[in-house]
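Structure first, commentary second.
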Amino acid sequence: MPVAQPLFQRVAIIGLGLIGGSLAAALRENKLAEEVVGFDTRADELALGVELGVIDSAAESAAQAVSGADLVVLAVPVKATQSVLREIQPALNGDAIITDVGSTKSGFVNDVRAVLGHLPATVIPGHPIAGSEKSGIRAANSQLFAKHKVILTPADDACPQALGKVTAMWRACDANVLTMAAEHHDEVLAATSHLPHLIAFSLVDTLAGDDQNMDIFRYAAGGFRDFTRIAASDPVMWRDIFLSNRDAVLHTIDRFTQDLDQLRSAIAGQDGDTLLRVFTRARAAREHFSKMLSGQAYVTNNTEHQVTFRAQPAGPIVGDIRVPGDKSMSHRSIMLGALAEGITEVSGFLEGEDSLATVQAFRDMGVTIEGPNNGFVRIHGVGMNGLQAPRGPIYLGNSGTGMRLFSGLLAAQTFDSELVGDASLTKRPMSRVADPLRAMGAVIDTAEGGRPPLKIRGSQPLTGIHYDMPVASAQVKSCLLLAGLYAEGITSVTEPAPTRDHTERMLEGFGYHVYRNDATSSVSGGGKLLACNIDVPADISSAAFFLVAGSIAPGSDLTLRHVGMNPTRVGVINILRLMGASIDVSNERAIGGEPVADIRVRYAPLKGIDIPERDVPLAIDEFPVLFIAATFAEGRTTLRGAEELRVKESDRIQAMADGLAAVGVKTTVIPDGIIIDGGQAMTGGIVNSHGDHRIAMSFAVASLRAQGEIVINDCANVATSFPGFVELAQQVGMNIQSQGDV
Ligand code: S3P
């Protein structure tokens, strides 16, 4: 067998502290170099390096270490960089790669330029973000960099091979390698690392200087200990970091001092609102940033977090349950509550990723929102013109509703904004909102093909238009009505078929009149919203999974409580009843302008039907699970006029056809629908949900009558609309296990 060549022949590590020593150990352990030579001015540390086996050999000087080396790693304090460079310069191999591990990068680049006269293309500055309060070679640990970030800051004209090799070295140490410009690195680190260290040192020093200090340390609570842990770090190193990253650090100190002053004034002036606003925003931001950085849906989904459902045949479905709150109404309650004057209290709010992303978006724009806590949210409305510019792009995760509704709202603000989403949302069409908004005067840029991100220019006066929607879309209608609240004159939207009218109903609830005439809804711009309380009913789209489960599993008898029964949403009940389902609706009542009822479903043999086209927009989100009902019905079910399904979270026609094929069920896909011959045996199999929550839950329901286990991949996004789905499904008799849960 050929023996793999190590990445480097001779690596010289100058400086055997924790980082230098750990890198040496990792290089040796992973056989990344023929030879690892170390040098340190502290003779005892150097000798220890050899004794502990961290380095192969000790050099007598830095110059001797680098002679013949193809990689030189400077792991010395940042203040020593220039003198070390001066010492090694004469002995350096012309093509040696030089890297470092210092915490500031512009300073390193300047030092190299000062000594060598230019920045050679083989210099690849680096900063492993790993470390601990321990120091010295005794603490060297070959695993120190595993799962940690290493930031490389190559110049634009850096040698690609050199960059490739340094990247490969860190990856072999199991680190995540990122690259960015040196200046950017310094700004980011000033804020995320240097400032916190400064505050920790300063706080401990302030308290330690107090006469009462023994008491303070004796009674110090866990919070103080956690918060000041980093004040145990190496003072010399930190002195050097602050001096070398002076400008970026001064900038963040100024910002922080200003914000601290603001809190001081708020406390002095008994201004509880400001305190609450800042604390709530900070608490939420802490959670939010980590999600944003993973670039995935808001709460649970990231590439390392794969959720798989394993679903076995089971049944009957029995119980009395309430599914989570309506997604459409949850989004709208936050949006209108934020723009209203006064405090809006929401109960029954859906704590799913999509609606949480909407909450976060308003927090990013300065709105104080308390909760959600068991479905209860309190929104401190800022009024129609009270939103503030967000500090960065607004991240909407998986939520098409969020992005489309926000585009209307943000087109009317005085500030610029950018709307971004996860991989699925980034593929979805946005011209359907951008085009009519432009006709109103908005300035919006989309990515190619009218896809997200959306860049929206602020301070554009909007004028009302009349818009005949080419597709029946509640999101487009709602987007334009929201923009219309700010537009000059009247904005009216005519729909080709009835779509959900939660926006119209909720606007009325907030005291904003919506003129409704047949298929047209209109608003007159310039009014205001008044806070009100909202009770969000259970989502009929989530109830739909149990309506089908109860219909297909013999012996089932299930009651679903407090379900939203808006006539624009009950298509699933109409269609299932046409198929012969046994569905009883009782206790019908109106809550906050929306009809609500309890629904009882019992097993009944289903038959295939031609789905009436008028029911398509009224059941638009329920088709994946209705296809499962069709599979277990007797005879043929045909769906037409549903091309919209192709641009949902996935192409739901194709994804369902592929999933059904994977469990042995043949279907005929047509451009605007599907034909399913019921009564085919469903085997077990492996189904790809394409990250689409409704596809994942539909196949979980299908497993009830399958002949074997269905394994459903890529299910993390179930949390976008139905947190707790698996537990609730188990409770009523389904046999699903989720692997890789949050
Ligand atoms: C929604 C409208 C529908 C629906 C989506 C929620 C809304 O989308 O599919 O899940 O809240 O307005 P379209 O308007 O694109 O049909």
Selected residue [at pLDDT 95 or above and under 30 Å from residue 226 (Cα atoms)] from 178, 189, 198, 163
198
Considering only residues that are over 33 Å from the mean Cα position of the chain (by Cα) and away from the ligand (no atom under 14 Å from the Cβ), which ones fall in the stretch 630-659?
630, 631, 632, 633, 634, 635, 636, 637, 638, 639, 640
For residue 372, indicate whether it is at pLDDT 95 or above and crowded, with 16+ Cβ neighbours inside 10 Å.
no
Of the residues 543, 538, 590, only one is under 28 Å from residue 339 (Cβ atoms), crowded, with 22+ Cβ neighbours inside 10 Å and among the hydrophobic types (A, V, I, L, M, F, W, C); which?
538
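Is the stretch 422-430 home to any residue that is over 30 Å from residue 718 (Cα atoms), of a type in the set (Gly, Ala, Ser) and away from the ligand (no atom under 15 Å from the Cβ)? Lay out the reasoning, then the answer.
Step one: filter the stretch 422-430 for residues over 30 Å from residue 718 (Cα atoms), giving none.
No; the residues of the stretch 422-430 include none that is over 30 Å from residue 718 (Cα atoms), of a type in the set (Gly, Ala, Ser) and away from the ligand (no atom under 15 Å from the Cβ).
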Tally time: how many residues in the stretch 500-525 are in contact with a Gly (Cβ under 9 Å, 6 or more places away or on another chain) and assigned to a loop (DSSP other than H, G, I, E, B)?
5
Determine the pairs where a residue that is assigned by TED's automatic domain parsing to the domain that holds residue 525, located within the stretch 460-472, has a partner that is in a strand (DSSP E or B) and among the aliphatic types (A, V, I, L, M) with Cβ atoms under 7 Å apart, the partner being 6 or more residues away or on another chain.
460/443; 464/490; 467/493; 469/493
Only one of 402, 319, 386, 325 is within 13 Å of the ligand (Cβ to nearest atom), at pLDDT 95 or above and over 21 Å from residue 454 (Cβ atoms), namely 325
Of all residues making up the stretch 706-733, the number that are closer than 22 Å to residue 353 by Cβ and crowded, with 19+ Cβ neighbours inside 10 Å
15
Based on what the data block shows, is residue 411 crowded, with 24+ Cβ neighbours inside 10 Å and within 14 Å of the ligand (Cβ to nearest atom)?
no
Name, by its number, the condition in (1) in contact (Cβ under 8 Å) with a residue 12 or more places away in the chain; (2) away from the ligand (no atom under 14 Å from the Cβ); (3) charged (D, E, K, R) that does not hold for residue 448.
(1)
Residue 162 versus (1) among the aliphatic types (A, V, I, L, M); (2) farther than 12 Å from residue 130 by Cβ; (3) surrounded by fewer than 16 Cβ atoms within 10 Å (Cβ to Cβ): which is the lone unmet condition?
(3)
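Kindly indicate whether any position in the stretch 641-662 is touching a residue at least 60 places away in the same chain (Cβ under 8 Å) and touching a strand residue (DSSP E or B) at 6+ places or on another chain (Cβ under 6 Å). Can you show your working first?
Step one: filter the stretch 641-662 for residues touching a residue at least 60 places away in the same chain (Cβ under 8 Å), giving 644, 647-650.
With the extra rule that they be touching a strand residue (DSSP E or B) at 6+ places or on another chain (Cβ under 6 Å), the set shrinks to none.
Checking the stretch 641-662: not a single residue is touching a residue at least 60 places away in the same chain (Cβ under 8 Å) and touching a strand residue (DSSP E or B) at 6+ places or on another chain (Cβ under 6 Å).
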Residue that is under 34 Å from the mean Cα position of the chain (by Cα) and either away from the ligand (no atom under 16 Å from the Cβ) or in a loop (DSSP other than H, G, I, E, B) (or both), where the choices are 544, 497, 483:
497
Within the stretch 553-561, identify whether any single residue is buried (at least 24 other Cβ atoms within 10 Å of the Cβ) and in a helix (DSSP H, G or I), and answer yes or no.
no
Conditions (1) modelled with pLDDT of 90 or more; (2) surrounded by 15 or more Cβ atoms within 10 Å (Cβ to Cβ); (3) not in a strand (DSSP E or B); (4) not β-branched (Val, Ile, Thr): number failed by residue 310
(3)
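The values are calculated or read from the model by the stated rules, or taken from the named source; none is laboratory data. Here the structure is a predicted model, which means the values were calculated and not measured. Note that we place each Cβ from the backbone using ideal geometry, even for glycine, and neighbour counts take in every protein chain shown.
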